[in-house]
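The values are calculated or read from the model by the stated rules, or taken from the named source; none is laboratory data. Bear in mind the structure is a predicted one, so any value in this text is a computation, not a measurement. When we count neighbours, we look across all protein chains shown, and the Cβ atoms used for this are built from the backbone with ideal geometry, even at glycine.
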Amino acid sequence: MNRLIVAGLAGVLVIGACRAKPVPANTAGMRDMSAGAADTAQHVSERQPVRLTAAQAQALGVTYTVVTRGPLSRSVRTVGQVVPAEPNLAEVTPKVDGFVDRLFVDATGVQVRRGQPLLALYSPMLVSAQEELLTALHLAQTIDSTAPEAWRNAQDLVTAARRRLVYWDISAEQIEQLERTGEVTKTLTLVAPFDGVVMEKMVVAGQSVMPGMKLYRLANLSTVWVEGDVFEQDLALIKVGAPVRVELAAYPGKAFTGRVSFVWPVVDEQSRAGKVRVALANSRGLIKPGMYATLLFDATVGQDVLSLPSEAVILTGERNLVFAVGKDGALEPREVTLGARAGDRIQVLSGVAEGERVVASANFLVDAESRLTSGAGMAGMPGMESKP
């Protein structure tokens, strides 16, 4: 049967070529060729229903599928990199001038606990402030309360001296000890603000420091972030709070579970991708900043959407077509509006209804027949008109 069909098509083409008019080789002929090409473009966009017998459909390999309605989901895969969670970062800086008297934590990567001493800082300004507090306390004790204004001024001096020490991160316990013993502390001990890891150390023993100078950068790694890039066409499927599976090369066969915590509001102009942040619990410390990760998002296109196999759609570049089985059995060309892809299926926004049968395979052959039926093809090309 296939050989007969191929032989018949070849015969039609040969007969049409023999009956064709010659193309005149002059300027007027060139104008006719341009006009004929424009007519051909118009004919190509016009398609007519195609009627096939069961034997013809079988010979061409035409199969059918049904437009269905239901949940549609897909998996979005991308790569990312582990970074410390920004809210869990802290920099240790002094608030007074001084010199590093002693380093208690002297290496990068060391684990520290909350309140653990990091360094001892000798500061002449700190010594002066403590002496001012002791002087103010002595003055307040010598003034009789029968002189209200003088007594009040002395109390204000004590309060101001205490506040100055508090602003320099001197603890209330240290201030109380100073007032009780009268012994001036020559050094200020800077401590870790939380449990974490020393990510950077920018100080050595004996170094002079100034207010605001960065001495340590600490990170609490109990929660880490994984930041990855998602292509523009998939961004609409990524929702904040959605679960994410994370795979790391360091732990083959093991998957970690996190959630989308943020989707960047901009898209990179060069890569056409948007950045996505995944928050990941790391209580055991297995996940380390700098690791590469694979992110797997189980995205839901919709719970009640129309869809059909993507191979059933003809993408012309200008519009998307399917051939639906009409009431009389003819294959009718339909323009459809498509949504998101999900594996081998694609969402249909308009153009077909639930339960309709459409051509699932050999649709390009059906499309060619549809255009031939509409008058396009060889007969519509310049110089291929048939003689009366």
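Counting the residues of region 79-88 that are part of a strand (DSSP E or B) and surrounded by 18 or more Cβ atoms within 10 Å (Cβ to Cβ) gives 3.
Scanning region 194-233 for residues that are in a strand (DSSP E or B) and more than 30 Å from Ser75 (Cα to Cα) returns Gly196, Val197, Val198, Met199, Glu200, Lys201, Ser208, Val209, Tyr216, Arg217, Leu218, Ala219. With Phe297, Phe323 as the choices, which residue is assigned by TED's automatic domain parsing to the domain that holds Ala255, out of contact with any Cys (no Cβ under 9 Å at 6 or more places or on another chain), of a type outside the set (Val, Ile, Thr) and crowded, with 19+ Cβ neighbours inside 10 Å? The conditions single out Phe297.
Considering region 339-388, the residues that are polar (S, T, N, Q) and loosely packed, with under 14 Cβ neighbours inside 10 Å include one that is modelled with the lowest pLDDT, namely Ser386. For region 251-335, the strands (runs of 3 or more DSSP E) that sit wholly inside it and include 3 or more residues that are closer than 29 Å to Phe364 by Cα are 292-309, 320-325. In region 316-335, the residues that are among the hydroxyl-bearing types (Ser, Thr, Tyr) form Cβ pairs under 9 Å with partners that are surrounded by 18 or more Cβ atoms within 10 Å (Cβ to Cβ), at six or more places apart or across chains, as follows: Thr316/Asp367. Would you say Val240 is surrounded by fewer than 18 Cβ atoms within 10 Å (Cβ to Cβ), more than 24 Å from Gly343 (Cα to Cα) and of a type in the set (Val, Ile, Thr)? Judged against the criteria, Val240 is not a match. Of the residues making up region 203-237, those that are of a type outside the set (S, T, N, Q), under 30 Å from Val278 (Cβ atoms) and exposed (fewer than 15 other Cβ atoms within 10 Å of the Cβ) number 4. Being in contact (Cβ under 8 Å) with a residue 12 or more places away in the chain and surrounded by 14 or more Cβ atoms within 10 Å (Cβ to Cβ) holds for only one residue in Ser307, Ser271, and it is Ser307.
Taking the conditions exactly as written (surrounded by 12 or more Cβ atoms within 10 Å (Cβ to Cβ), at pLDDT 95 or above and not assigned by TED's automatic domain parsing to the domain that holds Tyr122), does Val198 satisfy them or not? No.
For region 42-49, indicate whether the set of residues that are modelled with pLDDT of 85 or more and either surrounded by fewer than 15 Cβ atoms within 10 Å (Cβ to Cβ) or assigned to a helix (DSSP H, G or I) (or both) is non-empty. Checked region 42-49: no residue is modelled with pLDDT of 85 or more and either surrounded by fewer than 15 Cβ atoms within 10 Å (Cβ to Cβ) or assigned to a helix (DSSP H, G or I) (or both).
The criterion of being out of contact with any Leu (no Cβ under 6 Å at 6 or more places or on another chain) and not assigned by TED's automatic domain parsing to the domain that holds Phe194 does not hold for Val112.
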